[in-house]
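Working notes, structure below.
The values are calculated or read from the model by the stated rules, or taken from the named source; none is laboratory data. None of the values given here were measured: they were computed from a predicted structure. All Cβ positions, glycine included, derive from the backbone under ideal geometry; neighbour counts span all protein chains shown.
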Ligand SMILES: [Zn+2]
């Protein structure tokens, strides 16, 4: 018998944690952080207490209470003894936090199966972020009750990576990962060959990106497998058509930047390689240098390892690394800051904010809102700020957005929105489903599951924690 239980991604965008059981084999499809559930109770300064292990996460129902999946050091805080892992593995679709981050809590002996590039990205994320209990995907430091034992030793998780076309076997289950187009490279959908027939998991995908053909490859292979069931994302089922594309982002942004008589600042998610490529192209076309941070360099150096992505290295002639100013707290303090910065301080292509102010039109600086205090050094009066990210969709984002506007006003920066989504639109999704024609459809990763009822396919509106038998 094949059973499915959805522990996340139900009436919410992300947080996917799907338990699949086929006879004696149990696996999870993704094990992500739910931003929505977390945001109901917690924010920047009100957080789950790491000293309580996973206690706060369980109490507030941010993660399911299942035996045989969690780290023994985190169970200790609950008075629970170490539990033998009862899960044969996690098939991870891609490196976004809402699919990957709560792997941090899982038992060290549960192997993680993911794309090769997905692993590179997870490595880059871990290299440049401060270690917290919620981002210990690659490795973790033990957090026993007695703090004097903290961090000894660092425990590495087992990763088994694949590329498209390679089949993986987890106990009795054979899984075919097939590349899909999404806003992060190394994204996959899965054909899972269960004892009842093929089960499909789309992960996150789209048809309007630079590599739509990858999603078409997925669709064709899935159709061939005559699926008995499909778990699909539905982030934008309520948006009929995508009239945005990576090319529109390129054209609009290029026009704005070419007209700018001062410094151009761009903001996008660096996990999105297509967006990086777009701005890298613009910089080259307009004969400007693209200035990135040491954080970005961690990603770029990993992307460069995947020759298929055709991205430059961090020491490329069109790239400069912004060396943070002295007396800004960058070179002191926690280990993590020093390590990834110190490692790159001898790079040949460093530039300071002061150098940039001498001839601002020569540069395009990639700067995220969380690092806006760098504007104080860049002094970008009358420049342009290209916001190449989605618009705010919750209250917390609205507050940051307002704060961002204050900074822009202060420095007379012109605001330009230029973005295209990582998710498939309603029209394309309906077409994809109808082409694949699964016997039953489980829509997740959406706030509008009921909109799927309009599709002429049997649809199961998923309830969290309920068991579905195939
Ligand atoms: Zn995603």
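Across the stretch 56-71, what is the number of residues that are assigned to a helix (DSSP H, G or I) and surrounded by fewer than 17 Cβ atoms within 10 Å (Cβ to Cβ)?
Count: 1.
Quick check on residue 339: is it in a helix (DSSP H, G or I) and modelled with pLDDT under 95?
In short, yes.
Being over 18 Å from residue 314 (Cβ atoms) and modelled with pLDDT under 95 narrows it down to one of 328, 357, so name that one.
None of the others qualify; the one that does is 328.
Of (1) within 16 Å of the ligand (Cβ to nearest atom); (2) in a helix (DSSP H, G or I), residue 37 satisfies all except one. Which?
Evaluating residue 37 over (1) within 16 Å of the ligand (Cβ to nearest atom); (2) in a helix (DSSP H, G or I) leaves (1) as the failure.
Please go through the stretch 180-196 and give me each residue that is touching a residue at least 60 places away in the same chain (Cβ under 8 Å) and within 14 Å of the ligand (Cβ to nearest atom), ordered by number.
If the condition is that a residue be touching a residue at least 60 places away in the same chain (Cβ under 8 Å) and within 14 Å of the ligand (Cβ to nearest atom), then 182, 183, 184, 185, 186, 187, 188, 189 are the ones that fit.
Going by what's in this entry, would residue 100 be described as in the same structural domain as residue 204 (by TED's automatic domain parsing) and more than 21 Å from the chain's Cα centre (by Cα)?
Here the answer is no, as residue 100 does not meet what is asked.
Out of contact with any helix residue (DSSP H, G or I) (no Cβ under 9 Å at 6 or more places or on another chain) and in the same structural domain as residue 187 (by TED's automatic domain parsing): is that true of residue 113 in this structure?
yes
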